[in-house]
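Read-outs throughout are calculated quantities, based only on the coordinates presented, and are distinct from any laboratory measurement. Bear in mind the structure is a predicted one, so any value in this text is a computation, not a measurement. Note: ideal-geometry Cβ built from the backbone for every residue, glycine included; neighbour counts use all protein chains shown.
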Amino acid sequence: MTPAQKAGQLSQYMWADALTAADDEADGGLGDTMTPAQQRAQVEAALARGEVGSLLFVTDPEETNRLQRLALDGNPHGVPLLFGYDVIHGLRTIFPVPIAMAASWDPAIVERAQAVAAREARAVGIHWTFAPMVDIARDPRWGRIVEGAGEDAVLGAAIGAAQVRGFQGERWDDPERVIAGPKHFAGYGAAVGGRDYDEVELSDHRLWNVYLPPFRAAIEAGAGNVMTAYMDLNGIPATGNRWLFTEVLRETFGFDGFVVSDFNAVRNLVTHGFAADLRDAGVRALSAGTDMEMAMADPAFATLPDSLAAGDVDLDVLDRAARRVLLAKARAGLLDDPFVDVERSREVLADPAHREVAREAAERAAVLLRNEGSLLPLDPAALSRVAVLGPLAESRRDLLGPWCFDYDLDETPTLAEGLRARLGNAVVDSAWGVRPVVRPTPSLFDAHGGNKPIVPADFDDDAEFARAIELATAADVAVVVLGEWQNMIGEQASRSSLELPGRQLELLQAVVATGTPVVLCLVNGRPVDLRWAAENVPAIIELWYPGTQGAAAAARLLVGDVSPGGKLPLTWPRSVGQVPIVYSHTISHDPANQAARYWDEPSTPLFPFGHGLSYTRFAYGVVTLDRDSIGPDDTATVSVTVTNTGDHAADEVVQLYVHQRHGAASRPIRELKGFCRVTLEPGAAETVTFPLGRDQLTYWNAATRGWVLDATVVDIAVGGDSTAPFTAAVTVTAERAS
Ligand code: BGC
């Protein structure tokens, strides 16, 4: 290959078909410099020269084949294109959003869901997904909290690794799997103020102990790709950060795949005030360890041949990156058969088994936040009239959440339709009650069609509100569906407030005032301010954005065909003023003095990390250990027996937390170290065990700048959420490691 062709292998272009519709409303990332038609012409010319390694955003199998032919025809090197795409929570079959999947605390369902997503993606010609997002997120103002697994390193690592296994399977050349690309390396979730793309300041101990472990787990699970991040990490743009990609990713984690930049992030090194110009940006990104550049047009990597000729970049460095990309293509089986079987793709997308997995996933993801007086489950036999109210009650698109484009709305029933189908005999009325809220600034993805909230032209606010209250008054139960429209969350969708948008709280208050029992169903992807609801609404269930089968799942949950069993993967603040609030904080001066924190708000969250109820009760037995003390290479086994003492079959997520009493650093008041979701029939019991040893207790220490296992005493708590009391302890006789 010529240097230009090698540099071409390192270039990934957006295929701008998706942008034509967008053109009228937004610039789709093209700025004023180019029309979509000009951009496509640039890409096609580069394809014909054999100077494109990959395309993103092509999902039509026939178009994939056409572009692949263009890349191969008349091209001496004969290297096919790699097609990448954001397959975040499904392609045609849409699963609950990632934060919801994490709320299942069930790596097995996460793996099954992403295996289905991979099967659909590969069938249409996608070889590689830009997922999972394993960024820890501790600030619900940040819109992309919806794309990750929440605030905790151990849960995040388990969910991230399960996604990689689901996407990639055993072998990437499997015609039903895709390459996984954990992102965004690293620290993106800690954007200052929750503002997307804003700078990130993370101490080394926070990075190593909290933000990096999910990446390490995803890499150990075999991830073939890693994506860079947009923002500055401790003053250095992540995409040009040699330390991150060389010392951490390759040398410490042993990553042997290829690194792709985030979209336009290489050219943005100039915007950051880091690179002098486009050419400098290309040299510095490549030298730092970014192997492939994802770009809209005019990639910085197209200047690499000039930089090579000028001696600004070594041939070895260019070759190394090209080799990594070519190896990924070979491992993905592209050299054997790069074309798509269009007929088969239709069959795969229509597979009903995929929808079954989506329903199960939505059921396992739901979190029952409150259930006073056991209002739930509803008894269908006792219901003759149900009112389903709220501006999200009849929405299809919003049930799917952000980051999906290839869904089929015809197979996405609304929550009201789902209840109607399940309840059969009862009359199920629905009303929006309040006007849907439209963002004042369009979302990045509004232009992709059907993404904006729909407001009927003749919407009469007063009449609609009155109708909702009338229906609530006449009903046996009111199911109020509130939350955030899906275009209010995700990329470029941060908020400065956590209040329910628009007049939704007012509607809820008026419905509660009718005296009809109220079930609040939440459709959202981040905590919202529920202070009023948590005191006044008897039942609250977090459905998240539950996906294609969300309505069927919600109906089954509400009537008790299945019990909710999900748990919060994040600490739910009372108000935005508490943010950031995490369960695993350290204890410092005067911890019992609440007023030393806020005098105007309790320091506790509204719902703790790990919280989630079910339709039964669980009793925890005594926590036991098989030994009182452990040396550096020993592992203790923590055991507890959990019994279902209620009268519904249900799941419990048994959670192990530890607290180190003293040592070479102040360690968090508690940290999750293991979890296990069990299903128990009424009266049944199960003994759950967890290992506790070096792997769980070693941490990165800022004083020694290395990994430490302290000689100490470790308190142990096992229970159903992060308030479980400490009832056992183990002595660690380890020497301090370096
Ligand atoms: C996002 C990435 C995404 C990429 C391609 C970027 O704006 O930050 O997460 O994979 O676009 O769609």
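Numbers at a glance
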item: Of GLN42, PRO517, LEU202, farthest towards positive along the dipole that unit charges on Lys, Arg, Asp, Glu beta carbons give the chain; result: LEU202
item: Residue exposure sequence - SER395, SER261 - by fewest surrounding Cβ within 10 Å; result: SER395, SER261
item: Contact order normalised by residue count of the chain, Cα under 8 Å, 6+ apart, percent; result: 13
item: Packing-based exposure ordering (other Cβ within 10 Å, fewest first) of TRP485, TRP700, TRP599, TRP707; result: TRP599, TRP707, TRP700, TRP485
item: Within straight-line cross-link reach of LYS6, aspartates and glutamates at Cα separation under 15 Å, skipping those fewer than 8 residues along the same chain; result: GLU51, ASP291, GLU293, ASP306, ASP314, ASP316, ASP319
item: Long pairs among LYS183/LYS673; LYS329/LYS673; LYS183/LYS329, criterion Cα-Cα beyond 26 Å; result: LYS329/LYS673
item: Trypsin sites (Lys or Arg not before Pro) restricted to DSSP loop in the stretch 674-732 with at most 14 other C-beta within 10 Å; result: ARG705
item: Cβ-placed point charges (K, R +1; D, E -1), dipole of the stretch 212-312 about Cα centre in debye, nearest 20; result: 140
item: Reference-scaled alpha-carbon Rg (2.2 N^0.38 Å with N residues) for the stretch 398-521; result: 1.14
item: DSSP-assigned coil residues among trypsin sites (Lys or Arg not before Pro) in the stretch 532-603, each with at most 15 further Cβ atoms within 10 Å; result: ARG597
item: Gain on full stretching of the segment that runs from THR33 to ASP306 - 0.36 nm per residue minus C-alpha separation; result: 96.0 nm
item: Burial ranking of peptide ranges 618-625, 205-212 (average Cβ count within 10 Å, highest at the top); result: 205-212, 618-625
item: Geometric extent, Cα atoms of the stretch 210-283 - Rg, Dmax (angstrom); result: 12.7, 38
item: For the chain, share of DSSP beta bridges that run antiparallel, in % to the nearest 5; result: 55
item: Exposure proxy order (Cβ contacts within 10 Å, fewest to most) of THR548, THR64, THR290, THR687; result: THR687, THR64, THR548, THR290
item: FRET efficiency, 1/(1 + (r/R0)^6) with R0 60 Å, evaluated for THR704 and ASP647 via beta carbons; result: 0.65
